[in-house]
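Peer 1: One structure is given below, represented as structure tokens, and several questions about it will come after.
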Amino acid sequence: MILDLHTHSIKSDDGRAKVENYCQWIRSKELPIDGFVLTEHRQYDVESDYSTLAEKNGLVILKGSEVETEYGHVLVFGVTEALTRAFDFSRIDLPLAMVIETCEAHGAVPVPCHPGRPRVGMFAHTEELGIPAGVKTVEIYNGGSRENEDQIAIDNAEKLGYRGTGGSDSHIVSHVGRCATEFSADIRDMAALVSALQAGEFNAVTFKH
Amino acid sequence: MTIATIGDVEFGIELPTFEPDTSLATGTRFADLISWDGVRFRDHEGAKKEGFQGAIIPGILNQGYLVAMIHNWAPPAEVVSVDTVFRAPVIADDSHSITGVVTDIDEEDGKVEIDLTVTNDKDETRVFGTAVIRLPT
């Protein structure tokens with residue numbers, strides 16, 4: 001089962017894609033993915049319910065978040081109402097150590113994304129701030145990567161023993177599914193996704209070329 | 001095929017790829033025309049001193065290329081909006097291409113939404129965005 005773990009819709013300030021158009025695109029272009037996770041910037045979209053859309057299109061549509069720390073951006077899977085009250089998702093200066101600790105206390109999984117990117121990626125900060133404790137998984141394939149950003153992520157993940165996910169980081173409809181994550185498990189809800197991520201039963205895949 | 005009415009448009013249809021002139025000479029000429037000073041539009045070495053990879057093409061010239069691509073494809077289109085996100089500068093003298101694809105059609109309103117992507121020759125997305133156009137019914 002293949003899921004794009006990093007997408008944005010019009011709910012994000014720089015997102016331009018409507019979720020129904022993502023579905024239409026995936027189906028009409030016969031993309032090899034089974035669904036996607038909406039990871040809106042600096043928020044958790046509580047109110048949107050995509051279950052009807054998901055069912056109609058035979059796709060899995062889940063919701064996470066992308067928060068911002070001193071080490072760059074971090075995807076969070078398994079957000080609960082309690083977790084949204086534990087720290088302010090809208091801040092751009094969250095301490096990564098606190099995000100990791102709090103997510104784990106609430107059963108959620110933090111994944112630093114595009115870690116090879118200057119400024120907003122974790123490995124851009126490790127020389128100055130040190131290797132952060134508690135990171136287990138990072139995004140190694142990102143659909144928006146430039147230059148050697150993915151290779152920096154892959155090399156550092158291997159060196160540090162991190163697992164790797166993939167996601168398109170799509171902000172417009174036609175960019176969805178460029179990268180994704182393949183799971184051995186059948187994932188239909190966030191609980192199953194969190195379990196698979198915690199168990200390390202996945203591989204990053206790229207369809208960019 | 002050029003587009004005359006909204007009936008000619010299908011979801012997922014690709015616009016012909018547009019090869020914009022991103023030469024330093026054109027970028028500089030455009031900056032002169034709109035009275036934009038700044039070494040970043042005029043000189044690779046000067047732009048590097050400002051932290052760029054090289055001289056950059058003014059953003060609004062890139063937006064002009066997006067509109068040109070749309071009108072080449074659909075001459076009667078009224079461009080309602082072009083909404084761009086500049087992820088990275090368009091570097092002068094690098095080759096770029098612009099792709100567009102239809103991602104939403106509202107036949108009642110006569111509106112079509114197009115995804116737009118500017119990539120360089122390394123296939124890196126430099127600019128992405130969407131345009132909304134209105135076409136005759």
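The values are calculated or read from the model by the stated rules, or taken from the named source; none is laboratory data. A quick note: this is a predicted structure, and the numbers were derived from the prediction, not measured. Cβ atoms come from the backbone with ideal geometry, glycine included; neighbour counts cover every protein chain shown. Calculation scope for accessible area: heavy atoms of the full protein, side chains included, ligands and nucleic acids excluded. Shrake-Rupley method; radii C 1.70, N 1.55, O 1.52, S 1.80 Å.
Peer 1: Out of (1) open to solvent by less than 60 Å² (accessible area, probe 1.4 Å); (2) closer than 24 Å to A:G15 by Cβ, what's the single condition that is false for A:A199?
Peer 2: The failed condition is (2).
Peer 1: If you scan segment B:97-115, which residues turn out to be more than 8 Å from chain A (Cβ to nearest Cβ) and open to solvent by less than 10 Å² (accessible area, probe 1.4 Å)?
Peer 2: Passing the criteria: B:I98, B:G100, B:V102, B:G110, B:V112, B:I114.
Peer 1: I've got another one for you. Can you tell me which residue in segment A:141-177 is modelled with the lowest pLDDT, limited to those that are more than 14 Å from A:C113 (Cβ to Cβ), within 13 Å of chain B (Cβ to nearest Cβ) and assigned to a loop (DSSP other than H, G, I, E, B)?
Peer 2: A:E147
Peer 1: Further question on the same structure: Could you tell me whether any residue of segment B:29-43 is more than 30 Å from B:T137 (Cβ to Cβ), without any contact (Cβ under 8 Å) to a residue 60 or more places away in the chain and under 13 Å from the mean Cα position of the chain (by Cα)? Explain how you work it out, then say what you get.
Peer 2: Going through segment B:29-43, the residues more than 30 Å from B:T137 (Cβ to Cβ) turn out to be B:29-43.
Then keep just the ones that are without any contact (Cβ under 8 Å) to a residue 60 or more places away in the chain; that gives B:29-43.
Right, trim to under 13 Å from the mean Cα position of the chain (by Cα) and you get none.
No, segment B:29-43 contains no residue that is more than 30 Å from B:T137 (Cβ to Cβ), without any contact (Cβ under 8 Å) to a residue 60 or more places away in the chain and under 13 Å from the mean Cα position of the chain (by Cα).
Peer 1: Any residue in segment B:88-95 that is within 22 Å of A:E20 (Cα to Cα) and within 13 Å of chain A (Cβ to nearest Cβ)? Walk me through how you get there before you give the answer.
Peer 2: Of segment B:88-95, the ones within 22 Å of A:E20 (Cα to Cα) are none.
Taking every residue of segment B:88-95 in turn, none turns out to be within 22 Å of A:E20 (Cα to Cα) and within 13 Å of chain A (Cβ to nearest Cβ).
Peer 1: Quick check on segment B:1-11: of everything there that is in contact (Cβ under 8 Å) with a residue 24 or more places away in the chain and part of a loop (DSSP other than H, G, I, E, B), which residue is surrounded by the most Cβ atoms within 10 Å (Cβ to Cβ)?
Peer 2: Within segment B:1-11, the match that is surrounded by the most Cβ atoms within 10 Å (Cβ to Cβ) is B:I3.
Peer 1: Where residues in segment B:70-85 are within 25 Å of A:I26 (Cα to Cα) and within 12 Å of the chain's Cα centre (by Cα), which of them is farthest from the other protein chains (Cβ to nearest Cβ)?
Peer 2: B:I70
Peer 1: Tally up the residues in segment A:101-149 that are free of Cβ contacts under 8 Å to residues at least 40 places away in the same chain, aliphatic (A, V, I, L, M) and open to solvent by 30 Å² or more (accessible area, probe 1.4 Å), please.
Peer 2: Number satisfying all stated conditions: 3.
Peer 1: In segment A:25-57, what residues are polar (S, T, N, Q) and surrounded by 19 or more Cβ atoms within 10 Å (Cβ to Cβ)?
Peer 2: First pass over segment A:25-57, keeping only residues polar (S, T, N, Q): A:28, A:39, A:43, A:48, A:51-52, A:57.
Passing the criteria: only A:T39.
Peer 1: Just to be sure, is A:L62 modelled with pLDDT of 95 or more, open to solvent by 20 Å² or more (accessible area, probe 1.4 Å), out of contact with any Ser or Thr (no Cβ under 8 Å at 6 or more places or on another chain) and within 14 Å of A:A180 (Cβ to Cβ)? If you could, list the steps in order and put the result at the bottom.
Peer 2: On the way: modelled with pLDDT of 95 or more: yes; open to solvent by 20 Å² or more (accessible area, probe 1.4 Å): no; out of contact with any Ser or Thr (no Cβ under 8 Å at 6 or more places or on another chain): yes; within 14 Å of A:A180 (Cβ to Cβ): yes.
It is false that A:L62 is modelled with pLDDT of 95 or more, open to solvent by 20 Å² or more (accessible area, probe 1.4 Å), out of contact with any Ser or Thr (no Cβ under 8 Å at 6 or more places or on another chain) and within 14 Å of A:A180 (Cβ to Cβ).
Peer 1: Another question, then. Does A:D14 qualify as being more than 20 Å from B:I105 (Cα to Cα), among the charged types (D, E, K, R) and within 14 Å of chain B (Cβ to nearest Cβ)? Outline the logic, then answer.
Peer 2: On the way: more than 20 Å from B:I105 (Cα to Cα): yes; among the charged types (D, E, K, R): yes; within 14 Å of chain B (Cβ to nearest Cβ): yes.
The answer is yes for A:D14.
Peer 1: Can you confirm whether segment A:33-46 contains a residue that is within 14 Å of another protein chain (Cβ to nearest Cβ) and of a type in the set (D, E)?
Peer 2: Residues of segment A:33-46 that are within 14 Å of another protein chain (Cβ to nearest Cβ), as a first pass: A:41.
Applying the additional criterion that residues be of a type in the set (D, E) yields none.
No.
Peer 1: Take the conditions touching a residue at least 40 places away in the same chain (Cβ under 8 Å), closer than 21 Å to A:D14 by Cα and open to solvent by 50 Å² or more (accessible area, probe 1.4 Å) and apply them to B:T84. Does it pass?
Peer 2: On the way: touching a residue at least 40 places away in the same chain (Cβ under 8 Å): yes; closer than 21 Å to A:D14 by Cα: yes; open to solvent by 50 Å² or more (accessible area, probe 1.4 Å): no.
Here the answer is no, as B:T84 does not meet what is asked.
Peer 1: Name the residue, out of B:E14, B:E50, that is open to solvent by 50 Å² or more (accessible area, probe 1.4 Å) and closer than 21 Å to B:D123 by Cα. Working first, answer last.
Peer 2: Numbers: B:E50 fails: closer than 21 Å to B:D123 by Cα.
The match here is B:E14.
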